[in-house]
Amino acid sequence: MINKSINKLINYGIRNNFLEEDDIPYAVNRILKILDINSFVPVTIEEDELDLSAIIEEIENFAIENKVLLSQTLNSKDAFEAQIIDCMLPRPSELNRIFYKNYKTGPLTATKWFHDFSIKTNYIKIDRINKNLKFKYEGKYSPLDITINLSKPEKDPLDIINNKNNNNDYPMCPLCIENVGVYQTPSLAPRSNHRVINLTLNHEKDKWGMQYSPYAYFDEHLIVLRKDHSPMYVNQKTFAELVDFINKFPHYLIGSNAGLPIVGGSILNHHHFQGGRYDFPIEKAQVIHKIKRKRMMIEVLDWPLAAIRIVGNNENSILDMANAIFEYWLKYENKDLNIFAKTDVDHNTVTPIVKLDGASYNFYMIFRNNLTTPEFPLGVFHPNPKRFHIKKENIGLIEAMGMAILPGRLLQELEMIKEVLLNKKNIDDFPELDKHKEWIYVLKTQSLDDLDNLLNNEVGRIFEEVLEDCNVFKYGTKQDFINFVNKAIY
Ligand SMILES: [Zn+2]
């Protein structure tokens with residue numbers, strides 16, 4: 001039985017072009033070692049036996065029965081699967097050679113190949129990603145994308161117990177290059193089959209890497225990272241790096257989280273960008289004010305956060321303009337509007353995003369500030385505590401572009417809320433609904449004819465308000481923001 005499963009797996013690798021005939025004995029022997037068996041007989045496999053998840057399940061069941069795989073948590077199984085698949089994969093240098101051979105045909109050919117490879121090897125968990133819930137919210141701005149993420153496994157308490165003796169110094173963080181091929185405890189993402197493409201950005205040869213996200217939030221969700229473990233920074237160097245990435249991969253969008261706590265991403269200690277092949281809601285925002293300068297257009301966007309778009313064909317002019325506006329913002333203060341550039345530390349920064357539109361660069365700049373006060377200890381320009389029941393976490397790059405990433409638990413809570421609204425259950429039957437109580441009382445006053453639609457709309461509306469909470473000009477008017485942009489450009 002296990003002999004046939006290994007045959008299926010090897011056939012899967014060959015037919016999907018990531019394993020070569022010459023490497024079959026080598027790959028088989030590595031798999032045998034992991035499974036603690038010592039013989040293999042080639043058998044014929046039919047096309048309809050090549051369902052990877054079914055094959056992996058067979059192998060995992062064998063490993064569990066034979067006490068090779070001791071923990072049965074989802075994370076342990078994922079780590080085991082990655083280790084088995086890795087036995088068939090090219091080494092990182094070989095993968096890079098294939099990628100750059102494809103790049104000679106064109107960047108799109110190269111990324112398509114790498115993206116397909118990442119799916120076929122189940123590094124990108126496409127089955128789970130397809131379970132995510134997605135809908136559009138039509139509110140005050142261009143329609144927002146609301147997603148409830150069901151693909152990323154929550155940390156299993158069993159894994160945390162099993163992990164208590166783990167030394168977390170190596171790799172230093174989940175973005176470090178040392179994650180390539182690392183096999184660690186199941187509380188970390190499975191990395192045995194992790195591969196990174198070498199990149200040269202802004203004249204730093206091979207100092208960068210590119211990978212896809214295993215739990216993609218949108219199409220071809222990718223991460224660009226520095227190979228050395230060094231902190232995030234957002235400054236003119238960042239802008240040049242982003243533009244250079246777009247020159248090399250013109251079919252992608254790329255952006256950076258702000259490099260400060262509260263308004264940035266979850267990993268501030270390792271410089272990285274995120275991108276992908278997707279049209280974000282901010283790109284469809286209406287323009288409320290335009291200024292023409294040096295063959296460029298600076299557009300103020302009708303967007304819940306304070307955002308502009310610089311449009312033009314010349315890379316250097318775009319970067320000069322972005323730098324000028326950024327430098328002006330770094331020092332900008334307006335006490336009437338609660339904007340303080342500096343207390344004991346700096347507070348102003350931006351979320352920059354670059355995409356090509358034909359021959360034009362679209363350079364987006366979203367203005368951010370991470371001031372905290374006794375009234376708002378988590379941030380003045382942060383989701384308001386009354387909306388924490390839907391979103392409490394930082395509003396990072398992806399959300400600032402108009403895509404909500406809401407936790408999987410929300411889906412179960414919405415089901416409970418439905419039961420309460422339909423009087424099937426009492427609100428006190430569900431302790432999870434405590435945080436939603438005020439919201440549920442308001443919902444009860446509304447028409448429940450189309451309950452799914454009502455709840456989707458309400459979640460969208462609250463997300464829109466969460467974004468508005470993060471608008472650095474929220475204590476002023478749109479004209480205050482326009483006045484700022486007029487002064488910031490040169
Ligand atoms: Zn790192």
Accessible area in square angstrom per residue, the range 264-423, 1.4 angstrom probe: 40 Å²
With no solvent term and unit scatterers on the alpha-carbon positions of the chain, Debye gives log₁₀ I(q)/I(0) at q = 0.09 Å⁻¹ of -0.71
Estimate the FRET efficiency between E468 and D36 by the formula 1/(1 + (r/R0)^6), using the beta-carbon distance for r and 60 Å for R0, to the nearest 0.05. 0.55
Rounded to whole angstroms and listed largest first, the alpha-carbon spread of the range 50-113 along its three principal axes comes to 48, 23, 18
Note the per residue figure in Å³ for the convex hull of the C-alpha positions in the range 289-437. 163 Å³
Straight distance only, please: which aspartates and glutamates reach the Cα of K331 with their own Cα at less than 12 Å, same-chain residues fewer than 8 apart left out? D346
Mind scanning K437/K478; K4/K120; K134/K444 and naming the pairs with a C-alpha gap bigger than 23 Å? K437/K478; K134/K444
Report the FRET efficiency, 1/(1 + (r/R0)^6), for N269 and E46, where r is their Cβ-Cβ distance and R0 is 56 Å, rounded to 0.05. 0.70
In sequence order, what are the phi-derived ³J(HN,Hα) couplings for the range 11-17 according to the Karplus relation 6.51 cos²θ - 1.76 cosθ + 1.60 with θ = phi - 60°, rounded to whole Hz, with x for glycine and proline? 4, 4, x, 5, 6, 9, 6
Quick one: work out Rg over Rh on the C-alpha atoms of the range 6-122, Rh as Kirkwood radius. 1.00
Where does the range 169-297 land on Rg/Rh, using Cα atoms and the Kirkwood Rh? 1.01
Percent of Cα-Cα pairs per 5 Å bin, from 0 to the last occupied bin, for the range 17-85, please list those. 3, 14, 23, 28, 20, 9, 3
Using the eigenvalues of the Cα gyration tensor, what equivalent ellipsoid semi-axes result for the range 1-50 when each is taken as the square root of five times the eigenvalue, whole Å, largest first? 17, 14, 8
Rg/Rh of the range 389-444 (Cα atoms, Kirkwood Rh), to two decimals, equals 1.06
Compare the peptides 239-246, 72-79 by average per-residue count of other Cβ atoms within 10 angstrom and give them in order, highest first. 239-246, 72-79
The range 297-380 - Rg (one decimal) and Dmax (whole number), Cα, Å: 14.6, 48
Rh by Kirkwood over Cα pairs, then Stokes-Einstein D for the range 360-490 at 1.002 mPa s and 20 °C, µm²/s: 126 µm²/s
How much of the accessible area of the chain, probe 1.4 Å, is carbon plus sulfur, in whole percent? 50 percent
Additional length obtainable on full extension of the chain from R293 to Y475, 0.36 nm per residue less Cα span: 62.7 nm
Size of the dipole of the chain about the Cα centre, Lys and Arg at +1 and Asp and Glu at -1 on the beta carbon, nothing else charged, in debye to 20? 1480 debye
Please report how far the C-alpha centroid of the range 85-153 lies from that of the range 452-472, rounded to the nearest whole angstrom. 28 Å
Rounded to 0.05, the calculated FRET efficiency for the beta carbons of D336 and M172 at R₀ = 41 Å is 0.40
If we sort 269-275, 107-113 on the protection proxy, mean other Cβ atoms within 10 Å, highest first, what's the order? 269-275, 107-113
Go through V350, P377, A306 and say which Cα lies farthest out towards the positive end of the charge dipole of the range 288-389; charges sit on Cβ, +1 for Lys and Arg, -1 for Asp and Glu. A306
Listed highest first by mean packing, meaning other Cβ atoms within 10 Å per residue, what order do 472-480, 127-135, 220-228, 427-435 come in? 220-228, 472-480, 127-135, 427-435
Too long for a 31 Å Cα-Cα cut-off, among K140/K290; K292/K355; K152/K342, are K152/K342
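The values are calculated or read from the model by the stated rules, or taken from the named source; none is laboratory data. As the structure is a computational prediction, the values presented were derived from the model and not from experiment. Every residue, glycine as well, gets a Cβ built from its backbone with ideal geometry; the counts of neighbours run over all protein chains shown. Protein only, heavy atoms only, side chains kept; ligands, DNA and RNA dropped before computing areas. Shrake-Rupley method; radii C 1.70, N 1.55, O 1.52, S 1.80 Å.
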